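Enquirer: Before we start, here is the structure in question, set down as structure tokens.
The values are calculated or read from the model by the stated rules, or taken from the named source; none is laboratory data. If you're wondering where the values come from, they're calculated on a predicted model, not measured in any experiment. No Cβ is skipped: glycine too gets one built from the backbone with ideal geometry, and neighbour counts run over all protein chains shown. Just so you know, the surface numbers come from the protein's heavy atoms only, side chains and all, with ligands and any DNA or RNA stripped out. Shrake-Rupley method; radii C 1.70, N 1.55, O 1.52, S 1.80 Å.
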Amino acid sequence: MSRAALLVLADGRFPAGGHAHSGGAEAAVKAGRITDAASLEEFCRGRLHTGAAMTAALAAAAALGVDPTGLDRAADARTPSPALRVAARKLGRQLMRAARATWPHPELDALAQRFPKGAHQPVVLGLTARAAGLGPEDAAYCSAYEGVSGPATAVVRLLGLDPFDATAVLARLAPELDRVAQDAVDAARRAMTDGVDALPARSAPLLEIGAEVHAGWPVRLFAS
Amino acid sequence: MHLDHSHHGPSAVSADAHRPDGTRRALRIGLGGPVGSGKTATVAALCRALREELSLAVVTNDIYTREDAEFLLREAVLPPERISAVETGACPHTAIRDDISANLEAVEDLEDEVGPLDLILVESGGDNLTATFSKGLVDAQIFVIDVAGGDDIPRKGGPGVSTADLLVVNKTDLAPYVGSDLARMAADAKAQRGELPVVLQSLRSEEGVRDVADWVRARLAAWTA
Ligand SMILES: Nc1nc2c(ncn2[C@@H]2O[C@H](COP(=O)(O)OP(=O)(O)OP(=O)(O)O)[C@@H](O)[C@H]2O)c(=O)[nH]1
Ligand SMILES: [Mg+2]
């Protein structure tokens, strides 16, 4: 395990397309559910324990070597909103390009071949971690952290929120994020023996509905 | 749902000059520059000038709408399947320089779906004077400014003005109304750019996009040579 490789993968500037997505924050801002740092924190906490907990487990399972096609199907089944499935595949395809250029690996090539228009992003993320010599904990941490850092960055742009406040929100969530990542790895290890049904299936109805509404807007800053 | 895509090969990892099947890919030209300088109007004029002789497609990068793509569709400069819009998350320069994956996907999908193509024009969302395209995305770039944005912009320089492969000073027809000194703009541009070419154009004039279209033809001849 290389700690430096983890930093490369977790860097917000890793060129994998995330900058164009708000993780549901744009819809929540418009609906008046995020207005300041306190409501951003509540939004991120909700996301951490639902969508992010699920993607972290998928990523950890992929990093452990669970069959990525089965994981991709599991991700589809856990993502009711078609708009979110489309976004997840787009981001998966973008991450795949960056990953293959950064850490060339036959398993990445095989997944790209199987899903030329993109597999679900957390599945690609887990395989990327594998290709980078990282473990399931690393993959789970990256996915869970992305799940909250994406909305926090987006809200800085959307509301002009003080960037120091947004970063402090992330720092306050860190202990919870540690637990979510650990649970994700435990679930991924169970999936090794019991299959993908052992992975959490926690979707957040408001995020799903918000994503569908957002996809229909003619004017928006973020792709999702 | 997209559960099965097994019939396509994987896309190329980088901006290779060749497509996965070994054929040469289309030349990609980026158009950048400040908001409202005339990028979309130049793209539209180029499409009208070149569509009879070349197989063309366009990628637009709108900041928060799909207006550029919709304008091109409304003007019917190309069939709709040849126009694709990328969403940039409030950061147009990121999508053309720091994280180009969404744009690379758009150009590759166009080549897959409507190719073979000779030329793909990639229009950036309107941005500031430092916004330039990555060499991983485009083979050449045009920076479009206009006379109404102030005739000191060529003097201010910046990466777009000084290093773009072609600098276009657009809307010369407006110069008398906004008090812009075209001779001074041309001289300042020359001082910033040395041998790199500059075109002063008005899309409202008879010549329109002619000089830029000639420049594109020359780049394409060099690309396919
Ligand atoms: N008078 C005059 N108007 C022009 C010329 N070229 C473009 N325009 C007008 O300038 C306005 C802006 O042109 P666009 O082509 O939309 O500018 P743009 O650079 O694509 O703008 P963004 O994509 O919003 O950054 C439109 O109303 C055009 O009709 C020109 O040569 N002369
Ligand atoms: Mg435009």
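Enquirer: Carbon and sulfur together cover what percent of the accessible area of the range A:33-210 at a 1.4 Å probe radius?
Expert: Numbers: 3940 of 6800 Å².
Here carbon and sulfur together make up 58 percent of the probe-accessible area.
Enquirer: Heavy atoms only, probe 1.4 angstrom, no DNA, RNA or ligands counted: give me A:VAL123, B:VAL114 ranked by accessible area, highest first.
Expert: B:VAL114, A:VAL123
Enquirer: Accessible area per residue for chain A in Å², computed with a 1.4 Å probe and the full protein assembly in place, what is it?
Expert: That works out to 41 Å² for each residue.
Enquirer: Mind checking the per residue accessible area of the range B:27-224 for me, 1.4 Å probe, whole number of Å²? Don't jump to the answer; show the numbers that get you there.
Expert: Numbers: 7890 Å² over 198 residues.
Ligands and nucleic acids excluded, the result is 40 Å² per residue.
Enquirer: Test of understanding: in a Gaussian network model of chain B with alpha carbons linked when under 10 Å, which of B:GLN192, B:GLN141, B:GLN201 would top the mean-square fluctuation ranking?
Expert: Among B:GLN192, B:GLN141, B:GLN201, the largest mean-square fluctuation in the Gaussian network model of chain B belongs to B:GLN192.
Enquirer: Also: Using a 1.4 Å probe on protein heavy atoms only, how many Å² of accessible area do A and B hide from each other, summed over both chains and rounded to 100?
Expert: 2800
Enquirer: Report the antiparallel proportion of the DSSP beta bridges in the protein assembly as shown as a percent, rounded to a multiple of 5.
Expert: Of the beta bridges lying entirely in the protein assembly as shown, close to 5 percent run antiparallel.
Enquirer: What list of ³J(HN,Hα) couplings, whole Hz, do you get for the range B:57-70 from phi and the Karplus terms 6.51, -1.76, 1.60, once you set θ to phi - 60° and write x for glycine and proline?
Expert: Along the range B:57-70, the couplings run 8, 10, 10, 9, 10, 7, 7, 8, 9, 10, 4, 5, 4, 5 Hz.
Enquirer: Could you tell me which of B:HIS93, B:VAL178, B:ASN61 has its Cα farthest along the dipole of the range B:27-224 towards the positive end, charges placed at Cβ (Lys, Arg +1; Asp, Glu -1), taken about the Cα centre?
Expert: Of the listed residues, the answer is B:VAL178.
Enquirer: Further question: Please turn the phi angles of the range A:209-224 into ³J(HN,Hα) values with the Karplus equation 6.51 cos²θ - 1.76 cosθ + 1.60 (θ = phi - 60°), one per residue in order, whole Hz, x for glycine and proline.
Expert: 5, x, 5, 5, 4, 4, 4, x, 5, x, 10, 7, 8, 10, 6, 7
Enquirer: If you don't mind, another one. Taking 8 Å as the Cα distance limit and 6 or more residues as the minimum spacing, I'd like the relative contact order of the range B:27-224 as a percentage.
Expert: Relative contact order here is 26 percent.
Enquirer: Give the lysines reachable from B:LYS135 as a straight Cα distance under 22 Å; neighbours fewer than 8 places away on the same chain don't count.
Expert: Within the straight-line limit of under 22 Å, B:LYS135 reaches these lysines: B:LYS39.
Enquirer: Can you list the residues of the range A:205-223 whose accessible area drops by at least 50 Å² going from the chain on its own to the full set of protein chains, with a 1.4 Å probe?
Expert: Output list: A:ARG220, A:LEU221.
Enquirer: Nearest 20 debye, what's the magnitude of the dipole of the protein assembly as shown about its Cα centre given +1 on Lys and Arg Cβ and -1 on Asp and Glu Cβ?
Expert: I would put it at about 300 debye.
Enquirer: From the protein chains alone at 1.4 Å, what is the descending order of accessible area for B:PHE71, A:PHE222, largest first? Don't jump to the answer; show the numbers that get you there.
Expert: Numbers: B:PHE71 65, A:PHE222 0 Å².
Putting B:PHE71, A:PHE222 in descending order of accessible area: B:PHE71, A:PHE222.
Enquirer: Now a separate question. Only protein chains counted, 1.4 angstrom probe. Which residues of the range A:108-141 are at least 20 Å² less accessible in the assembly than when their chain is isolated?
Expert: A:GLN113, A:ARG114, A:PHE115, A:PRO116, A:LYS117
Enquirer: Once amide H atoms are built 1.01 Å from N in the peptide plane, which residues 5 or more positions from B:ARG28, or in another chain, come under 5 Å H to H?
Expert: Close amide H contacts, sequence-distant or interchain: B:ILE120, B:ASP139, B:ALA140.
Enquirer: Shifting gears a bit: Kindly tabulate the residues in the range A:86-104 with an accessible-area decrease of at least 10 Å² between the chain alone and the assembly of all protein chains, using a probe of 1.4 Å.
Expert: A:VAL86, A:ARG89, A:LYS90, A:ARG93, A:GLN94, A:ARG97, A:ARG100, A:ALA101
Enquirer: Can you give the convex hull volume of the alpha carbon atoms of the range B:122-195 per residue, in Å³?
Expert: Taking the convex hull of the Cα positions in the range B:122-195, it is 87 Å³ per residue.
Enquirer: Can you work out ³J(HN,Hα) from phi for every residue in the range A:7-12, in order, using Karplus 6.51 cos²θ - 1.76 cosθ + 1.60 and θ = phi - 60°, giving whole Hz and x for Gly and Pro?
Expert: 5, 4, 5, 7, 4, x
Enquirer: If I take the Cα coordinates of the range B:27-224 and project them onto the principal axes, what are the three extents in Å, biggest first?
Expert: Between the extreme Cα coordinates on each principal axis of the range B:27-224 lie 46, 35, 32 Å.
Enquirer: Let me ask another. Could you give the size of the charge dipole of the range A:33-210 about its Cα centre, using +1 on the Cβ of each K and R and -1 on the Cβ of each D and E, expressed in debye and rounded to the nearest 20?
Expert: Computed charge dipole of the range A:33-210: roughly 640 debye.
Enquirer: In Å, what Rg and Dmax follow from the Cα atoms of the range B:46-157?
Expert: Final numbers for Rg and Dmax: 14.4, 43 Å.
Enquirer: Over all residues in B:87-95, what is the mean tally of Cβ atoms on other chains that come within 10 Å of each residue's Cβ?
Expert: What the average comes to for B:87-95 is 6.
Enquirer: Give me the Kirkwood hydrodynamic radius of the protein assembly as shown in Å, from all C-alpha pairs, to one decimal place?
Expert: About 23.1 Å, per the Kirkwood formula over Cα pairs.
Enquirer: Heavy atoms only, 1.4 Å probe, whole protein assembly: order B:TYR64, A:TYR141 by accessible area, highest first. Let's see the in-between values first.
Expert: Working: B:TYR64 120, A:TYR141 90 Å².
Result, largest first: B:TYR64, A:TYR141.
Enquirer: In the range A:33-210, with Lys and Arg counted as +1 and Asp and Glu as -1 at Cβ, which of these residues, A:TYR145, A:ALA174, A:HIS120, has the Cα nearest the positive end of the dipole, that is, farthest along it?
Expert: The one lying farthest along the dipole's positive direction is A:HIS120.
Enquirer: Suppose a student asked you for the relative contact order of chain A, using Cα pairs under 8 Å spaced at least 6 residues apart; what percent would you report?
Expert: Rounded, it is 37 percent for chain A.
Enquirer: Here's another thing I want to ask about it. Give me the dipole magnitude in Debye, nearest 20, for the range B:27-224 about the Cα centre, with unit charges on the beta carbon: positive for Lys and Arg, negative for Asp and Glu.
Expert: Here the size comes out at about 680 debye.
Enquirer: Given a 1.4 Å probe and every protein chain left where it sits, what share in percent of the accessible area of chain B is carbon and sulfur? Numbers along the way, then the final one.
Expert: Values: 4930 of 9680 Å².
Taking all protein chains in place, chain B shows 51 percent carbon and sulfur surface.
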